[in-house]
Structure formats: structure tokens, C-alpha cells
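K.L.:
Shown below is the structure under consideration.
The values are calculated or read from the model by the stated rules, or taken from the named source; none is laboratory data. Small disclaimer: the values here were computed from a predicted structure and weren't measured. Using ideal geometry, Cβ is built from the backbone for each residue, glycine included, and neighbour counts are taken over all protein chains shown.
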Amino acid sequence: MLNPFKIIFAAAFLILIVASSIYVIIQREKIVKLEENPSQFHEAMYYDKLFGNMVQCRLCPNLCVLAPGQYGTCKARKNIQGKLYSMVYGKIATAHTDPIEKKPLFHVLPGSNAFSIATTGCNIQCLFCQNWEISQAFPFDFATQAASAEDVVRQALSSGAQSIAFTYSEPTISYEYVLDIAKLAKKAGLKTLVVSNGYIEQKPLKELLPYIDAYKVDFKGYDDTFYQKLTQGHLQPVLDAMKTIKQNGTWLEIVTLLITGQNDSDEKIRGLSHWVSSNLGNEVPMHFSRFSPQYKMLNVPPTPEDTIIRARQIAMQEGLKYVYTGNIVYPQGEITYCPISKEEVIVRQGMFTVSNDLRDGACSDGEKIPGIWN
């Protein structure tokens, strides 16, 4: 005998699928209709016009060459009638007020909140993406909220947050929107934070950095084969971006998600840590985070907690002063210590700061801790 609850559940699931499909079709048709008058969209920066109404995007290392009607790899930029347009400008896919520790940024305004926003799209395709529902979506796949740059700043101020974070998906692909918001945010006294994969060309990065206070880069691994195989990207542009961020004086923190059998060997962790210490300095905060099965890597087991703890030890052996752990319960990996005295100055638990004993960015003995504290 058929279970009536299973029948109801199956019917509801089918209705949901059909409704979602109808929504996508309607949204796609709306965009196609709007494209008859492309002035309604925001023209992209950083692209070249080619022959036959072709264009080449020069925002990120993908350097997509697009015929009329084509989207870039990022799913956020499109050639319409021989011009490149941002299809996500002013379209927020998600917005939340988060603890800044969630980014994670541990040396930026501890205990404060960040008004966090994202559009759809990403310029790489990580098989282990934790936000794939929005990062791998076209604008017409997702219900978005219209918001001007001015709207975003007003919402951030009313939320009580001290900063705006461009996060969840990849901020680079909504470059024009991020730049406009960041300029207004600075005037309003808000800090600006970018949570990024670091896959961006040098010229647009250098134009953006004067308006950004802190950049957190997801450094996938010190291995180009890993980048190509698991992200469809390349290593060198990310290394170049991190150097530029550091040289510009923008605060930089780095996170590496360690995946079993991919980027978690002692040799790879040591190589990554050595590169950071040698090229960016030993005061750049380094976070090692535990992988959990996601997206297209559901068959890969969670990273053992011991691997994350070992990675922290290796990085400290390579000279890094501030090394943290994520997605595991390990109190030592959440504390900021004064390098000389070993004093505990910032104690965290999960995504929250429990205590902060820094005074004007210094320990009790006067030793300065780098970061953004005021």
C-alpha cells in the first residue's frame, strides 16, 4: 500500500521543481526583453571591443572573449549588442549582518558586525564551493533584491554595522557595484571588506584598493595543478593579487580550506606557509579551515581535525606569527597571542570575540599587534 505522506511529499517536491523552472523561464524572458534597450543595464568597466561586435573582458584572468548574447565564465557579465554589461549591478542575492569573525577577519574590529552582501556569480568553479547556490547561478536563476549603492550604504548604517563586506559569492564579478558602494561607504565612515578568491587582473585591483580597508583571500593551495583541477583557475594570478594587496597597504588575511588528499600534505602546507612568510611577511594572519563535503565533492570525507592543528604548527614553524584554525573546536587556534610575551589578548569562541585586551592595538607590555583596531 502506498504511503500517503510519501505521495504528498513527492507531489510537493514536483510542484516546487515546476515552479522553480517557470520562475527561471520568466526571469530569463524578462532579461531578454530588457536587452532590447541595454541602456537599462550598467556598462562594465575593463573590456575591449573587438571585430564583429565581439568583446574581451579584462577584469579577471579568464579574459573571456564573448560574441553578442554570450555571458562570461562568471555568469555575471554579458555582451549585448557589442558592449559588455554587468548583469548583477544593483541586484543583491543575499544580505545579512554578520559578526566580522565569520569572514573570517580576526585582526579587524574584533566583536563588530559587518553588513554583508552578495550578487550571483563567480569567476572560478570550485568543486568544493560552500555557497554554490548563488556563486554558480545566473542572475535569472535567483530571486534578487534591487538596491542602489546608496541603498546599501543606508541599510548598512541602519543595521549598526561598522563595515560593509562583499562576500558569499565572488565580489570581483560585480566590480562596478562594489566600487561604487565602497566609495560611498568610505564617505559615510564605514570600513569596507572584500572576501575574495583573489582572481582579478592587476589594473582593476589597483583601482579598487584605495577604497578597501581589508581583503580576505581564499588561497586554495600552493599548487597550480590543484587550481586547474578543482577550481578551473590558475595559481599565479592569485599570488600576484596578494602581493599587490599587501604592497598597497590594504589589510590582508588569508584562508586555506584543507581538503583530504588534495592540498593537506605537510609538504604542500609548508610550501604555502613559506611562500606567505617570504613574500607577504610573517605578520599576515593565516587561517586553516576544515573541509566538509560540499557541492561536487560530497564523496570526499571531512578533513581530520588533527590535520588542521598540524597545519597551524607547520605554519608557525615557517615563521608566521598569527595562525588560526577554523571549523573545528580548538581554542588555541582562535586566540590572538602576543608573539613575544605569549599573552592572550583576543579570545574568540566560534564566530564571536569573548574578550579583547588590546589597548590601541598593543599588548600590556607595549608590543604592537598589526591590524585595524579602531
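K.L.:
Anything in the stretch 159-199 that is assigned to a helix (DSSP H, G or I) and farther than 19 Å from PRO210 by Cβ? List them, or say none.
P.N.:
Selection gives SER159, ILE173.
K.L.:
With respect to the numbered conditions (1) touching a helix residue (DSSP H, G or I) at 6+ places or on another chain (Cβ under 7 Å); (2) among the hydrophobic types (A, V, I, L, M, F, W, C); (3) farther than 26 Å from TRP132 by Cβ, which one is the sole condition not fulfilled by TRP251?
P.N.:
(1)
K.L.:
Only one of LEU109, LEU157, LEU127, LEU105 is surrounded by 19 or more Cβ atoms within 10 Å (Cβ to Cβ), over 14 Å from the mean Cα position of the chain (by Cα) and assigned by TED's automatic domain parsing to the domain that holds ALA188. Can you tell me which?
P.N.:
LEU109
K.L.:
Of the residues in the stretch 102-128, how many are within 13 Å of THR167 (Cα to Cα) and of a type outside the set (Val, Ile, Thr)?
P.N.:
Adding up the residues that qualify gives 10.
K.L.:
Now for a separate question. Is it the case that GLN313 is more than 24 Å from ILE245 (Cβ to Cβ), in contact (Cβ under 8 Å) with a residue 12 or more places away in the chain and of a type outside the set (A, V, I, L, M, F, W, C)?
P.N.:
The answer is no for GLN313.
K.L.:
Ok, one more. How many residues are surrounded by 15 or more Cβ atoms within 10 Å (Cβ to Cβ) and closer than 20 Å to GLU253 by Cα if we restrict to the stretch 284-338?
P.N.:
Looking only at that region, the number is 33.
K.L.:
I need a count of the residues in the stretch 256-312 that are of a type in the set (Phe, Trp, Tyr) and either outside the structural domain of MET242 (by TED's automatic domain parsing) or within 22 Å of GLN125 (Cβ to Cβ) (or both).
P.N.:
Summing the residues that are of a type in the set (Phe, Trp, Tyr) and either outside the structural domain of MET242 (by TED's automatic domain parsing) or within 22 Å of GLN125 (Cβ to Cβ) (or both) in the stretch 256-312 gives 2.
K.L.:
Provide a single number: the residues in the stretch 251-277 that are surrounded by fewer than 19 Cβ atoms within 10 Å (Cβ to Cβ) and of a type in the set (Phe, Trp, Tyr).
P.N.:
1
K.L.:
Can you tell which of PRO99, PRO139, PRO104 is at pLDDT below 95 and touching a strand residue (DSSP E or B) at 6+ places or on another chain (Cβ under 8 Å)?
P.N.:
PRO139
K.L.:
Do we find a residue being in contact with a Phe, Trp or Tyr (Cβ under 8 Å, 6 or more places away or on another chain), outside the structural domain of ALA76 (by TED's automatic domain parsing) and surrounded by fewer than 18 Cβ atoms within 10 Å (Cβ to Cβ) anywhere in the stretch 161-178?
P.N.:
Among the residues of the stretch 161-178, not one is in contact with a Phe, Trp or Tyr (Cβ under 8 Å, 6 or more places away or on another chain), outside the structural domain of ALA76 (by TED's automatic domain parsing) and surrounded by fewer than 18 Cβ atoms within 10 Å (Cβ to Cβ), which makes the answer no.
K.L.:
I've got another one for you. Which number in (1) more than 19 Å from the chain's Cα centre (by Cα); (2) part of a strand (DSSP E or B); (3) within 28 Å of TRP132 (Cβ to Cβ) marks the one condition that THR325 misses?
P.N.:
It is condition (1) that THR325 fails.
K.L.:
A further question follows. Of the residues LYS75, LYS49, which single one is at pLDDT 95 or above and buried (at least 19 other Cβ atoms within 10 Å of the Cβ)?
P.N.:
Going through LYS75, LYS49 in turn, the sole match is LYS75.
Yes/no per residue for (1) in the same structural domain as SER112 (by TED's automatic domain parsing); (2) under 30 Å from ASP264 (Cα atoms); (3) assigned to a helix (DSSP H, G or I):
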{"site": "LEU320", "(1), (2), (3)": "yes, yes, no"}
{"site": "VAL329", "(1), (2), (3)": "yes, yes, no"}
{"site": "ILE340", "(1), (2), (3)": "yes, yes, no"}
{"site": "VAL345", "(1), (2), (3)": "yes, yes, no"}
{"site": "ARG348", "(1), (2), (3)": "yes, yes, no"}
{"site": "SER364", "(1), (2), (3)": "no, no, no"}
{"site": "PRO370", "(1), (2), (3)": "no, yes, no"}
{"site": "ASN374", "(1), (2), (3)": "no, no, no"}
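K.L.:
Hey, does the stretch 208-231 have a residue that's under 19 Å from LEU127 (Cβ atoms), more than 18 Å from the chain's Cα centre (by Cα), of a type outside the set (Phe, Trp, Tyr) and outside any helix (DSSP H, G or I)?
P.N.:
yes
K.L.:
Looking at the stretch 45-59 only, could you name the residues that are part of a strand (DSSP E or B) and in contact with a Phe, Trp or Tyr (Cβ under 7 Å, 6 or more places away or on another chain)?
P.N.:
VAL55, GLN56, CYS57
K.L.:
To continue, here is another question. Of the residues in the stretch 201-225, how many are under 25 Å from PHE106 (Cβ atoms) and free of Cβ contacts under 8 Å to residues at least 40 places away in the same chain?
P.N.:
7
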